[in-house]
Amino acid sequence: MKKPDLPGVVGPLSHPAWPDYLLAFEHLTGRSPRMISPEGPIQPDCETPTSAPGTGWAVAMPTGPMRWRQSAAQRMLSSAEAWCQQTAVPLPWPTEVRVAWKLLCDHPTRELDLGSIARHLGVRPAALGERFREITGGTFRQFLGEERTALAIRLMLEQPRLQMAEIAQHVSGQSMSQFNRNFRQATGSSPRAFRDQWRDTGQPPT
């Protein structure tokens with residue numbers, strides 16, 4: 001794939017932000033993004049791929065019980081394309097965004113809020129929130145809720161005897177009403193309906 005001729009533009013394979021995006025996509029989708037050949041076709045082992053024009057990569061969308069995360073992967077893909085094709089000097093993910101992303105991915109059960117993280121890092125909360133959304137395509141609160149939902153789904157499928165109240169308490173210490181609301185916001189389904197349909201059909205609710 002021909003790189004842009006604009007001065008100061010670096011192709012995504014050498015863009016300093018792309019390693020962070022690759023790790024983020026692998027986390028969201030459970031698969032590593034695949035390279036697109038210079039002619040454009042996607043490698044055969046890239047299932048249900050979506051390519052980002054000009055990035056040289058195709059991202060396999062989540063399937064199975066995590067299919068609902070396709071919207072998050074699509075948001076991230078659009079943000080990666082925009083960030084990696086800026087005409088300004090190519091920049092990696094800022095340290096504060098990388099720290100915030102790693103915290104919500106590695107410790108979703110903790111009490112996390114962007115304000116506390118920003119103050120700890122010595123940056124303004126509003127600035128961190130704006131940059132986080134620009135780079136990832138979603139807000140910190142949105143991604144944190146989705147991480148907790150993903151953890152809840154893994155628990156309900158791996159330990160089907162757990163009560164929903166136990167799962168809600170484990171993932172975030174939430175009340176059942178908060179847990180149900182956040183779960184439905186992420187997946188479009190209630191936790192109980194999600195588990196029942198997956199158990200009965202092997203497919204998540206659509």
If we keep just the residues of the range 115-169 that are over 20 Å from Leu23 (Cα atoms) and acidic (Asp, Glu), which is surrounded by the fewest Cβ atoms within 10 Å (Cβ to Cβ)?
-> Glu158
Looking at the range 111-124, which of its residues are touching a residue at least 12 places away in the same chain (Cβ under 8 Å) and part of a helix (DSSP H, G or I)?
-> Leu114, Ile117, Ala118, Leu121
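Condition check ((1) within 20 Å of the chain's Cα centre (by Cα); (2) closer than 16 Å to Pro65 by Cα; (3) not charged (D, E, K, R)) across all residues:
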residue: Leu112; (1), (2), (3): yes, no, yes
residue: His120; (1), (2), (3): no, no, yes
residue: Gly145; (1), (2), (3): yes, no, yes
residue: Ala165; (1), (2), (3): no, no, yes
residue: Gln169; (1), (2), (3): no, no, yes
residue: Asn180; (1), (2), (3): no, no, yes
residue: Asp200; (1), (2), (3): no, yes, no
For Ala186, are the conditions met, namely being small (Gly, Ala, Ser) and either within 24 Å of Thr63 (Cβ to Cβ) or under 19 Å from the mean Cα position of the chain (by Cα) (or both)?
-> yes
Applying the selection to the range 125-154, what residues are assigned to a loop (DSSP other than H, G, I, E, B) and touching an Asp or Glu at 6+ places or on another chain (Cβ under 9 Å)?
-> Gly138
Residue among Pro108, Pro92 that alone is surrounded by fewer than 17 Cβ atoms within 10 Å (Cβ to Cβ) and outside any helix (DSSP H, G or I) | Pro92
Do we find that Leu77 is in contact with a strand residue (DSSP E or B) (Cβ under 7 Å, 6 or more places away or on another chain), crowded, with 20+ Cβ neighbours inside 10 Å and outside the structural domain of Gln174 (by TED's automatic domain parsing) in this structure?
-> yes
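The values are calculated or read from the model by the stated rules, or taken from the named source; none is laboratory data. Note that the structure is predicted; figures quoted are calculated from it, not measured. Here the Cβ is made from the backbone with ideal geometry for all residues, glycine too, and neighbour counts use every protein chain on show.
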